[in-house]
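Engineer: Quick one: the structure is below, questions incoming.
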Amino acid sequence: MSIELVTVAMFGGMIVLLLLGLPLAFVTGIIAVAFGLGLFGLPSLLLVSSRIYSFMNEYVLVSVPMFILMASLMERSGVARDLFKAMHVWAGGLKGGLAVQTTIAATIMAAMTGIIGGEVVLLGLVALPQMLRLGYDRKLAIGTICAGGSLGSMIPPSVVLVIYGLTVNVSIGDLFSAAVLPGLMMAGMYIAYILIRCHINPKLGPPAPPEERNIPLSEKLAMLKSIALPMLIAASVLGTIYTGIASVTEAAGMGVVGTAIAAALRRELSWPMIQDVLIQTMTACGILLWVSFGATAMIGVYNLAGGPAFIRKLMIGLPVAPIVIIFIMMAILFVLGCLMDWIGICLLTMPIFVPIVKALGYDPVWFGVLFCMNMQVSYLSPPFGPAAFYLKGVAPPDISLNEIFSALWPFIILQVIAIAVIIVFPGLALWLPGLN
């Protein structure tokens, strides 16, 4: 069978099985075994098992459950609620101030956790009722929460960056450094959009009532005390990685210890809480690893069939400028993001795309930032945008899923513009790694 037919059959079969409702992990595993046996016989099963073992043997993979556990502890310790309350008092007098401080709170939470689902749910529980109570435009409030919550895929310590680095053998520390400025740029674009819209039409985001924000400075400062230690822990984790004092895995482990100590000092650490965060962590890791097993096996069989060389020759041979090929890759990732989870997209596409990126003369760290930004778009994109479903689970019953998705389009456009900016100006992503 020619590599062209293998490519169409493998990825066509994957789409058919996904449409039939099978989980991605089983779909990729089934295709890997079926095509491996059909093309290479029983020895192909050794390839499948050896690739899975090699992936699982990566030491830095230990950081993934550590970051998830750290995020779960931070989420359940009430830090985010205290952060939101403090910022509401400090920024409530601004037109659109509550939406702005929701975005800032989401950015800080992303730097503390790197997990998206919990951020969207928490902001939906805490920020959405407040914005609706103050008379905010519903679509602006919904879009702010979903877009702000999705920053966790971009701002370190992002699990998306960790998996990308593992998949293509790129320094995770460099990826973390590279993602800082684009992540802050994206948050800044959200804030600018909110302020401009509320300046043009103040009814979209009226300020908080004076009685809610006019409190003594001493009380305002006291509100910041309860979040100082957790924020210091998050900054320390990222700081030790950026400066090279600790590896990603070591920093993640110490982050868990520090977060647990902070929760204990806040008198919020309890045995039921520990049980809940451990279950949440194991569930998330189980899903991630099963998807990784199947995707790694499928790409192994495709590699053995000569797939990467075929795709590389096909793309590099296109009569277009190299930058156009990058845009084509972004378009492919955008379409896949509407249909699949980011883990599967990363494990299925990056082993094929990144060698092409290198052959074109581009930096894989820069491309990793683009990948994460694209996956941030996928969290909002219909029909399967996870952020919309997370928010729907905690939003008032009169807010429909259609209304949520319709509210996200301005923020999706902002995300696409941000991707184009990083493509045209790669120095925004590569400046910080270049300082190391």
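The values are calculated or read from the model by the stated rules, or taken from the named source; none is laboratory data. Computed from a prediction, not measured in an experiment: that's the story for all the values here. Neighbour counts run over all protein chains shown; Cβ positions are idealised from the backbone, glycine included. With ligands, DNA and RNA removed, areas are computed over all heavy atoms of the protein, side chains included. Shrake-Rupley method; radii C 1.70, N 1.55, O 1.52, S 1.80 Å.
Engineer: Going through Leu45, Leu22 one at a time, which residue ends up being assigned to a loop (DSSP other than H, G, I, E, B) and either open to solvent by 70 Å² or more (accessible area, probe 1.4 Å) or aliphatic (A, V, I, L, M) (or both)?
Structural biologist: Only one candidate passes the filter, namely Leu22.
Engineer: Could you check segment 5-19 and list, in sequence order, the residues that are open to solvent by 70 Å² or more (accessible area, probe 1.4 Å) and at pLDDT 85 or above?
Structural biologist: Leu5, Val8, Val16
Engineer: Still on this structure: Can you find a residue that is under 23 Å from Pro156 (Cβ atoms) and of a type outside the set (A, V, I, L, M) anywhere in segment 308-315?
Structural biologist: So far as segment 308-315 goes, no, none of its residues is under 23 Å from Pro156 (Cβ atoms) and of a type outside the set (A, V, I, L, M).
Engineer: Now, a different point. Being within 21 Å of Leu181 (Cα to Cα), under 18 Å from the mean Cα position of the chain (by Cα) and of a type in the set (A, V, I, L, M) narrows it down to one of Leu391, Leu414, so name that one.
Structural biologist: Selected residue: Leu414, the only one of Leu391, Leu414 that is within 21 Å of Leu181 (Cα to Cα), under 18 Å from the mean Cα position of the chain (by Cα) and of a type in the set (A, V, I, L, M).
Engineer: Still on this structure, please answer the following. Of the residues Ala106, Ala86, Ala91, which single one is at pLDDT 80 or above and either open to solvent by 60 Å² or more (accessible area, probe 1.4 Å) or farther than 22 Å from Ile345 by Cβ (or both)?
Structural biologist: Exactly one of Ala106, Ala86, Ala91 is at pLDDT 80 or above and either open to solvent by 60 Å² or more (accessible area, probe 1.4 Å) or farther than 22 Å from Ile345 by Cβ (or both), namely Ala106.
Engineer: Quick check: is even one residue across segment 296-309 assigned to a helix (DSSP H, G or I) and touching a Gly at 6+ places or on another chain (Cβ under 7 Å)?
Structural biologist: Checked segment 296-309: at least one residue is assigned to a helix (DSSP H, G or I) and touching a Gly at 6+ places or on another chain (Cβ under 7 Å).
Engineer: Quick check on my filter: what residues within segment 260-290 are assigned to a helix (DSSP H, G or I), modelled with pLDDT of 85 or more and not hydrophobic (A, V, I, L, M, F, W, C)?
Structural biologist: Hits for segment 260-290 are Pro272, Gln275, Asp276.
Engineer: Restricting segment 274-305 to residues that are among the aromatic types (Phe, Trp, Tyr) and open to solvent by 20 Å² or more (accessible area, probe 1.4 Å), which is farthest from Leu69 (Cα to Cα)?
Structural biologist: Phe293
Engineer: Within the bounds of segment 325-334, is there any residue that is in contact (Cβ under 8 Å) with a residue 24 or more places away in the chain and over 30 Å from Gly307 (Cα atoms)?
Structural biologist: no
Engineer: May I ask you to say which residue of Leu347, Leu339, Leu380 is part of a helix (DSSP H, G or I) and of a type outside the set (D, E, K, R)?
Structural biologist: Leu347
Engineer: Could I ask something else about it? Got a number for residues in segment 389-405 being among the small types (Gly, Ala, Ser) and either surrounded by 15 or more Cβ atoms within 10 Å (Cβ to Cβ) or at pLDDT below 85 (or both)?
Structural biologist: Of the residues in segment 389-405, 2 are among the small types (Gly, Ala, Ser) and either surrounded by 15 or more Cβ atoms within 10 Å (Cβ to Cβ) or at pLDDT below 85 (or both).
Engineer: Under 6 Å between Cβ atoms, which residue pairs at least 6 apart in sequence (or on different chains) link something in segment 272-294 that is under 19 Å from Val256 (Cβ atoms) with a partner that is at pLDDT below 80 and among the hydrophobic types (A, V, I, L, M, F, W, C)?
Structural biologist: Thr281/Ile68; Ala284/Ile68
Engineer: Taking only pairs six or more apart or across chains, which ones have beta-carbon atoms under 8 Å, a first residue in segment 358-383 that is over 21 Å from Ala106 (Cβ atoms) and open to solvent by 10 Å² or more (accessible area, probe 1.4 Å), and a second residue that is assigned to a helix (DSSP H, G or I) and of a type in the set (Lys, Arg)?
Structural biologist: Partner pairs satisfying both residue conditions: Ala359/Arg312; Pro364/Lys358.
Engineer: In segment 186-233, how many residues are open to solvent by less than 50 Å² (accessible area, probe 1.4 Å), assigned to a helix (DSSP H, G or I) and either at pLDDT 75 or above or closer than 21 Å to Met70 by Cβ (or both)?
Structural biologist: Here the count works out to 15.
Engineer: Okay, moving on. Quick one: Ile352 ticks every box in (1) free of Cβ contacts under 8 Å to residues at least 60 places away in the same chain; (2) surrounded by 13 or more Cβ atoms within 10 Å (Cβ to Cβ); (3) under 24 Å from the mean Cα position of the chain (by Cα); (4) more than 29 Å from Phe67 (Cβ to Cβ) except a single one, so which number is it?
Structural biologist: (4)
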